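Following: one structure in structure tokens, then a few remarks.
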Amino acid sequence: MANLLYDSLFGVHAGKTAPFLHLSNGDIVTYQDFLTRAAQIANVMVQSGLKPGDRVAVQVEKSPEALALYAACVQSGLVFLPLNTAYTVDELTYFIENSGAALIVCGGTSAAALTPIATSLGATLETLNDDGTGSLMALADNSPKQFATVARGGDDLAAFLYTSGTTGRSKGAMLTQENLLSNAQTLVEHWRFTAEDVLLHALPIFHTHGLFVATNITLAAGGSMIFLPRFNLDQIIEMLPQATTMMGVPTFYTRLLGDSRFTGTLTAHMRLFISGSAPLLSETHAQFEGRTGHRILERYGMTETNMNTSNPYEGERRAGTVGFPLPGVELKITDPATGNTLPDGEVGQIEVRGTNVFKGYWQMPEKTAEELRADGFFITGDLGSIDADGYVQIVGRNKDLIISGGYNIYPKEIELVLDDQPGVLESAVIGVPHPDFGETVVGIVIPEAGQSPDLDAIMAAVKQSLARFKHPQKLVVLEELPRNTMGKVQKNILRDSYQSMFTGA
Ligand code: MLC
Ligand code: AMP
């Protein structure tokens, strides 16, 4: 029976003995090995009573088995919900409860902490460790190697990815089979991926970039990936000679440039370097070309939309721009106040429409209506303009968002924790330039009258609630926050004050 995404990305490779994953220990996972593993996991999930449309919340380290779990969800019509491995139990509780997950898969060390949530939800909990062991795989080992693929169409949900919001509450972006497949197929063609390609994969697989852009493209092209657990400079430099392409966030490229072993010789054979998820500085682009002769191809996307724009494969890859709308994606720049389209050259909010655009936020119709117009245009919250040659440039954000090393951080979420601490009247969280992460987090704390808040105790409370990458790298105590005449906190003034805190510039 037909399952659009499974048949096109996975099923099409049935019986193939060609490599899909090259692991850092030298092992190879062939396409058929991978599909067999996925089928066994699908059997476990369906036999445990899960029904199409049920959510499977997954917080596990990167491994071939974790990727097979994604394939298994697609094959059995379950909604894959990957979660950042850095999330704390507080954060996970919200995602799991909000999604109403029927199955939770986590590392063995998190099982005890997550069992009460599973019990209260009536969800099953299985474990999957980074070495591929755990209760899920033990069950899979004893399950049939064939699975009768569940029929799913383009409009059926394939995945939920949570994105934070300006109010501090995360929203589950509902992605359909068609959203994922159409974007993968467009990108394969646009970036000329083939079965010969070997992608160096060092990104996490719980976000759009590592999961959908990198993995789905490889599957759609029938190529393979050097599948590294995480970004490790030595490993990247060691493995580069075996790759043809690489995808990364800008931090990957600045870190590579910071190493003298990264040379033109090392990269001479490479076909393509792609960057996204955060702005690539023009100077990084230029430095990279100077060192290697390669012009990094920058593209622009979002959790809610997959990829929207890309610099051209052939033709000028223009530094400081994210290129042109991809085929099938309409993009316009509008006036935030009126929603009217602005003439080229003017800065406004970026709106996009196409088969790549998600279905809405899970159980949040008002939020969906605020950002996804009835005519299908999604208001990205990014500010940009289109130049005379049609290149899109992102110039800022109409949303209070910090992007640190490619991870999105919504200040409100941190402010809510800071505001709750003894002796704190209020707070403001800002992003400031950082040489490694692009931006990093600074927290401004305003004490209640006569109080001197204990900053160490505040940091301890932050650690308890929030993932490490969201922690302020610095807390600053001020008497009051700068406000405009309407009483709104002027974060731009704070950003100006602290902008060279980490760069010294
Ligand atoms: C790790 N840390 C971070 C961080 N990553 N802090 C802030 N921002 C980050 N991004 C913490 C670590 O926990 C550690 O804390 C300390 O910072 C230093 O860690 P490190 O060892 O130097 O970091 P590393 O583990 O090497 O990770 C850095 C990184 C990683 C850049 C390799 O963050 C990464 O892989 N980022 C990719 C994110 C991504 O995939 N984004 C795509 C989103 S999809 P301590 O306490 O131990 O010192 C999307 C759509 C689109 O946006 O368009 O693609
Ligand atoms: P996320 O919600 O994690 O998917 O992050 C999406 C956001 O990342 C976008 O709305 C942009 O603000 C940002 N982003 C992605 N790619 C780029 C890029 N090439 N340049 C600048 N910002 C980017």
Any hit, the stretch 405-426, residues being closer than 19 Å to residue 170 by Cα, polar (S, T, N, Q) and outside the structural domain of residue 276 (by TED's automatic domain parsing): yes
Can you name the residue in the stretch 1-25 that is open to solvent by 60 Å² or more (accessible area, probe 1.4 Å) and not charged (D, E, K, R) and, of all such residues, is nearest to residue 202 (Cα to Cα)? 25
Out of curiosity, is residue 92 over 29 Å from residue 36 (Cα atoms) and open to solvent by less than 20 Å² (accessible area, probe 1.4 Å)? yes
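Per-residue answers, yes or no, for (1) within 16 Å of ligand 1 (Cβ to nearest atom); (2) not in a strand (DSSP E or B):
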{"residue": "379", "(1), (2)": "no, no"}
{"residue": "390", "(1), (2)": "no, yes"}
{"residue": "394", "(1), (2)": "yes, no"}
{"residue": "400", "(1), (2)": "no, yes"}
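Yes or no, residue by residue, for (1) among the aromatic types (Phe, Trp, Tyr); (2) in contact with a helix residue (DSSP H, G or I) (Cβ under 9 Å, 6 or more places away or on another chain):
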| position | (1), (2) |
| --- | --- |
| 256 | no, yes |
| 261 | no, yes |
| 276 | no, yes |
| 279 | no, yes |
| 288 | yes, yes |
| 301 | no, yes |
| 345 | no, no |
| 359 | no, yes |
Just one of (1) more than 16 Å from residue 58 (Cβ to Cβ); (2) over 25 Å from the mean Cα position of the chain (by Cα); (3) among the small types (Gly, Ala, Ser) trips up residue 134, so point out which. (1)
Going by what's in this entry, would residue 358 be described as open to solvent by less than 30 Å² (accessible area, probe 1.4 Å), of a type in the set (Phe, Trp, Tyr), in contact (Cβ under 8 Å) with a residue 24 or more places away in the chain and within 16 Å of ligand 1 (Cβ to nearest atom)? yes
Residue 303: passes all of (1) open to solvent by less than 10 Å² (accessible area, probe 1.4 Å); (2) within 11 Å of ligand 2 (Cβ to nearest atom); (3) of a type in the set (Val, Ile, Thr) but (1)
Residue 194: passes all of (1) in a loop (DSSP other than H, G, I, E, B); (2) more than 24 Å from residue 355 (Cβ to Cβ) but (2)
Counting only residues that are within 10 Å of ligand 2 (Cβ to nearest atom) and part of a strand (DSSP E or B), which one in the stretch 403-413 is least open to solvent (accessible area, probe 1.4 Å)? 409
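Yes/no per residue for (1) within 23 Å of the chain's Cα centre (by Cα); (2) open to solvent by 20 Å² or more (accessible area, probe 1.4 Å):
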position: 276; (1), (2): yes, no
position: 283; (1), (2): no, yes
position: 325; (1), (2): yes, yes
position: 330; (1), (2): yes, yes
position: 337; (1), (2): no, yes
position: 352; (1), (2): yes, no
position: 368; (1), (2): yes, yes
position: 380; (1), (2): yes, no
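Let's see how each residue does on (1) over 21 Å from residue 502 (Cα atoms); (2) among the acidic types (Asp, Glu); (3) within 16 Å of ligand 1 (Cβ to nearest atom):
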residue	(1), (2), (3)
424	yes, no, no
438	no, no, yes
454	yes, yes, no
460	yes, no, yes
469	no, no, yes
478	no, no, no
Out of everything in the stretch 382-391 that is near ligand 2 (Cβ under 10 Å from one of its atoms) and open to solvent by less than 30 Å² (accessible area, probe 1.4 Å), what residue ends up being nearest to residue 248 (Cα to Cα)? 382
Exactly one condition in (1) touching a residue at least 60 places away in the same chain (Cβ under 8 Å); (2) out of contact with any strand residue (DSSP E or B) (no Cβ under 6 Å at 6 or more places or on another chain) is not met by residue 390; state its number. (2)
Which numbered condition residue 277 fails, given (1) touching a His at 6+ places or on another chain (Cβ under 9 Å); (2) more than 15 Å from ligand 2 (Cβ to nearest atom): (2)
Considering only residues that are under 21 Å from residue 250 (Cα atoms) and open to solvent by 30 Å² or more (accessible area, probe 1.4 Å), which ones fall in the stretch 306-316? 313, 316
Looking at residue 354, is it modelled with pLDDT of 95 or more, within 14 Å of ligand 2 (Cβ to nearest atom), under 19 Å from residue 373 (Cα atoms) and in the same structural domain as residue 370 (by TED's automatic domain parsing)? no
So is residue 391 at negative phi and in the same structural domain as residue 337 (by TED's automatic domain parsing) or not? yes
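The values are calculated or read from the model by the stated rules, or taken from the named source; none is laboratory data. In this text, all values refer to a predicted model and were calculated from it rather than measured experimentally. Note that each Cβ is placed from the backbone with ideal geometry, even for glycine, and that neighbours are counted across all protein chains shown. Accessible surface is based on the protein model in full, side chains and every heavy atom, while ligands, DNA and RNA are left aside. Shrake-Rupley method; radii C 1.70, N 1.55, O 1.52, S 1.80 Å.
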